[in-house]
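**Q** The structure follows.
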Amino acid sequence: MTSPRPAIVWYREDLRLSDHPALHAAASTQAPVVCIFVLDERTPGVRPLGGAARWWLAQSLRALQESLRDRGASFVLRRGSASTVIAGLAREVDAGAVYWNEIAQAPQQRAADQVAAALGGVRTHRSPGDLLVAPSQIRNKENRGLRVFTPFWRRVQSLGDPPKPVPAPTKLNGISGIASDALEDWHLEPTRPDWAGGLRENWRPGEAAAQARLKAFLAGGIAGYSGDRDRPDREGTSLLSPHLRFGEISPRQVWHAAKFAAAEHPRLSSDIDKFLSELGWREFCRHLLYDVPDLATRNLQASFDAFPWKHDTKALRAWQRGLTGYPIVDAGMRELWHTGVMHNRVRMVVASFLVKHLLIDWREGEQWFWDTLVDADAGSNPANWQWVAGCGADAAPYFRVFNPILQGEKFDPDGVYVRRWVPEVKQLPDKVIHQPWTATPLELASAGIELGKTYPRPIIDHKAGRERALAAYASIRNA
């Protein structure tokens, strides 16, 4: 009896063993399994990772490599165009088949098609892997994706539970002696300067950490989620976004674990429903990206092509560094730089401040987030920026300009979040912590603050900024 020819599993944005349909299918054949990750920075249209995401990728690959090694599988790292690399590996090992999970994004689908073409007669096996529901299942009468979240989410829920997650293989047959790049040679992690200290301090990438975080959140953190998720001064969110971004855990796993928790603890059902709707928003953004591949560069609403954006390098730099003079905005931008994430409520506040108070193009903010977020997602990042700017799908009303003072007072009433990230103002009384310029000279002196020196004055007056924004939005509406 002849031994089956080796099976190659192409890892992409799915760096896990459990609920990995491609790995499960390959392992089921009993053939030797060779797993590969290709750092593809050559295939046109595939967006290069930002700095923080590159750091996360390195840690996640190390964790995956260890997990695969424990089960006996080979894990190969190579750099280049995916089609060239995988076709070359298939020839090296005389592969009988190549397996991968699909990514419902046009550039990644083109890359997968190129791989299939380059493999010639080698059998390919594609599995769904990054969504709850395929975009083809959520279409309108014109065969287009839905642009409003609520009917989209209702449609997803009406389809019932997604397939149950498949288990991780307990043992794999590997092949030794296959050449692989050293991860360190990819230079994914910063060295000079090493700015990743805060990332190392706050995160443990990898599948095991993702599973542990989900379990802990559903066991305790989910209680009160509906309200606490808006409070940056509390630990009220799941912090699963970077794990989902790199596929260390799948949306199907999150869905089924949450549904099980709701069945076990009915009193938590409203919090769990809200949590699942946030998973639904990720799905919505991914479906939107499926229909609009240039989501990060093109206004979904063409009227915004005439918007009078301002080119203000000084203001942009102050925003990036967390030196706008508005503590809630500055706290968010500093949290982002140190930890690679930002609380979701604060993301909306800082984004609104950039595009509305400062009238700086949303694409500038989207690009900064892409480079500094460990959870920078090709769908959610541009879709959320367009939502705030008012030019996207299901967009916020143009006249909604977040007041950074009121947002701080409402969602960080005791100044806990601001005091953590903006220590210059931590000695101020609660009543002025979100607007230091209104403090009395005695309060400023007692707090050791000299406005304009130890902490900046606001780079723009809120009322003036709001009026200017409304005028700018009115100009394109009138046109």
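**Q** Would you mind classifying the range 282-353 by shape? Square roots of the alpha carbon gyration tensor eigenvalues, ordered a ≥ b ≥ c; an a/c under 1.5 is rounded, otherwise it is prolate if a/b is larger than b/c and oblate if not.
**A** oblate
**Q** How high is the relative contact order of the chain, given as a whole-number percent (alpha carbon pairs under 8 Å, six or more residues apart)? Don't jump to the answer; show the numbers that get you there.
**A** Working: 775 pairs, mean separation 79.3, N = 479.
RCO, the chain: 17 percent.
**Q** Apply the Debye scattering formula to the range 7-129, with a single equal point scatterer on each alpha-carbon and no solvent, then give log10 I(q)/I(0) at q = 0.09, 0.11, 0.21 Å⁻¹.
**A** The Debye formula, applied to the Cα set alone, gives -0.22, -0.33, -1.34.
**Q** Follow-up. What aspartates and glutamates could a cross-link reach from Lys310, if we take a straight Cα to Cα line under 13 Å and drop same-chain neighbours fewer than 8 places away?
**A** Asp361, Glu364
**Q** Give me the angle, in degrees from 0 to 90, between the Cα long axis of helix 362-372 and the longest principal axis of the Cα atoms of the chain, rounded to the nearest 10.
**A** Once rounded, the angle reads 60 degrees.
**Q** Note down the Stokes-Einstein diffusion coefficient of the range 66-142 in µm²/s, whole number, using a Kirkwood radius over alpha carbon pairs, 25 °C, and 0.890 mPa s. Working shown, then result.
**A** On the way: Rh = 14.4 Å.
Answer, rounded: 170 µm²/s.
**Q** Quick one: which residues, 5+ away or cross-chain, put their amide H under 5 Å from the amide H of Val9? H built at 1.01 Å from N.
**A** Val34, Cys35, Ile36, Tyr99
**Q** For Thr124, enumerate residues with amide H under 5 Å from its amide H, sequence gap 5+ or separate chain, H modeled in the peptide plane.
**A** Here the answer is Val98, since their amide H atoms fall under 5 Å of that of Thr124.
**Q** Restricting to DSSP H runs of at least four residues, report the calculated mean residue ellipticity at 222 nm for the chain, -39500 (n - 2.57) per run over all residues, nearest 500 deg cm²/dmol. Working shown, then result.
**A** On the way: 20 runs with 214 residues, N = 479.
Calculated mean residue ellipticity at 222 nm is -13500 deg cm²/dmol.
**Q** While we're here: Fewest to most neighbouring Cβ within 10 Å: what's the order for Ile178, Ile86, Ile222? Don't skip to the answer; put the middle values down first.
**A** Numbers: Ile178 16, Ile86 29, Ile222 22.
Sorted ascending by nearby Cβ count, the order is Ile178, Ile222, Ile86.
**Q** While we're here: To the nearest 0.05, how large is the calculated FRET efficiency for Asp291 and Asp371 if R₀ is 30 Å and r is the Cβ-Cβ distance? List each step's numbers first, then the result.
**A** Values: r = 25 Å, r/R0 = 0.85.
In this case the efficiency is close to 0.75.
**Q** Taking the Cα centre as origin and putting +1 on Lys and Arg beta-carbons and -1 on Asp and Glu beta-carbons, what dipole magnitude results for the range 302-478, to the nearest 20 debye? Each step should come with its number before you reach the end.
**A** Working: 21 positive and 20 negative charges, 75 e Å.
That gives the range 302-478 a dipole magnitude of about 360 debye.
**Q** Taking K and R as +1 and D and E as -1, what net charge do the other residues with C-beta under 13 Å from the C-beta of Asp273 add up to? Walk me through the intermediate numbers first.
**A** Numbers: positive: Arg154, Arg229, Lys259, Arg267, Lys274; negative: Asp271, Glu278.
Value of the local net charge: +3.
**Q** Over its Cα atoms, what ratio of radius of gyration to 2.2 N^0.38 Å does the range 262-398 give?
**A** That ratio works out to 1.12.
**Q** Right, something else. Going Cα to Cα from Lys215, which lysines come in below 25 Å? Please leave out same-chain ones fewer than 8 positions away.
**A** Once the sequence-local lysines are set aside, what remains near Lys215 is Lys164, Lys171, Lys259, Lys274.
**Q** Another question, if that's okay. Return one number: the angle in degrees, 0 to 90 and rounded to the nearest 10, between the long axis of the Cα atoms of helix 207-216 and the longest principal axis of the Cα atoms of the chain.
**A** With rounding to tens, the tilt is 50 degrees.
**Q** Follow-up question, since we're still on this one. Simple spin-label model, 7 Å along Cα-to-Cβ: Arg5 to Ala134 in nm?
**A** Distance between the two pseudo-spin positions: 2.6 nm.
**Q** Given labels modelled 7 Å from the Cα in the Cβ direction, how far is it in nm from His187 to Lys259?
**A** For the pair His187/Lys259, the computed spacing is 4.7 nm.
**Q** A follow-up question, please. Within 10 Å of each residue's Cβ, count the other Cβ atoms and sort Leu358, Leu470 from fewest upward.
**A** Numbers: Leu358 24, Leu470 14.
Lowest to highest Cβ neighbour count: Leu470, Leu358.
**Q** Post the alpha-carbon centroid distance, the range 1-71 to the range 121-190, in whole angstrom.
**A** Measuring centre to centre over Cα atoms gives 12 Å.
**Q** Follow-up. If you wrap a convex hull around the C-alpha atoms of the range 328-479 and split its volume per residue, what is the figure in Å³? Don't skip to the end; give the middle numbers.
**A** Working: hull volume 16.7 nm³, N = 152.
Cα-based convex hull of the range 328-479, divided per residue, equals 110 Å³.
**Q** While we're looking at this one, here's another question. Hey, how many Å between the Cα centroid of the range 314-339 and the Cα centroid of the range 212-260?
**A** So the separation of the two Cα centres works out to 26 Å.
**Q** Compute the signed sum of charges (Lys and Arg +1, Asp and Glu -1) over the other residues within less than 14 Å, Cβ to Cβ, of Pro456. Please report the intermediate quantities before stating the final value.
**A** Working: positive: Lys314, Arg317, Arg321, Arg334, Lys453, Arg457; negative: Asp330, Glu424, Glu450, Asp461.
Spelling it out: positives minus negatives among the neighbours equals +2.
**Q** Ok, one more. So which GluC sites (Glu not before Pro) in the range 220-299 are both in a DSSP loop and have at most 14 other Cβ atoms within 10 Å of their Cβ? If you can, show how the numbers build up before the last one.
**A** Values: sites: Glu235, Glu248, Glu264, Glu278, Glu283; in loops: Glu235, Glu248.
Counting only loop positions with at most 14 other Cβ atoms within 10 Å, the GluC sites (Glu not before Pro) in the range 220-299 are Glu235.
**Q** Something else: How far is it, in nm, from the label point at Phe399 to the one at Ser269 when both lie 7 Å from their Cα along the line to the Cβ?
**A** 3.8
**Q** Using mean Cβ contacts within 10 Å as the protection proxy, how do 21-33, 323-335, 129-141 order, highest first? It would help to have the intermediate numbers written out before the result.
**A** Numbers: 21-33: 20.8, 323-335: 25.5, 129-141: 16.4.
Going from most to least packed, we get 323-335, 21-33, 129-141.
**Q** With unit charges on the beta carbons (Lys and Arg positive, Asp and Glu negative) and the dipole taken about the Cα centre of the chain, which residue among Leu354, Leu288, Tyr99 sits farthest to the positive side?
**A** Leu288
**Q** Sticking with this structure for a sec: Taking the range 145-184, which trypsin sites (Lys or Arg not before Pro) meet the DSSP loop condition and have no more than 13 other C-beta atoms within 10 Å?
**A** Values: sites: Arg147, Arg154, Arg155, Lys171; in loops: Arg147, Lys171.
Answer by residue number: Lys171.
**Q** So, one more: Arg79's amide H: which non-local residues (gap 5+, or another chain) put their own amide H closer than 5 Å, with H modeled 1.01 Å from N in plane and none for Pro or chain starts?
**A** Answer set, sorted by chain and number: Leu39.
Only the coordinates and a few stated rules stand behind these numbers; no lab work does. Here the structure is a predicted model, which is why all the values come from computation and not from measurement. All Cβ positions, even for glycine, are placed from backbone atoms using ideal geometry, and neighbour counts span all protein chains on display.
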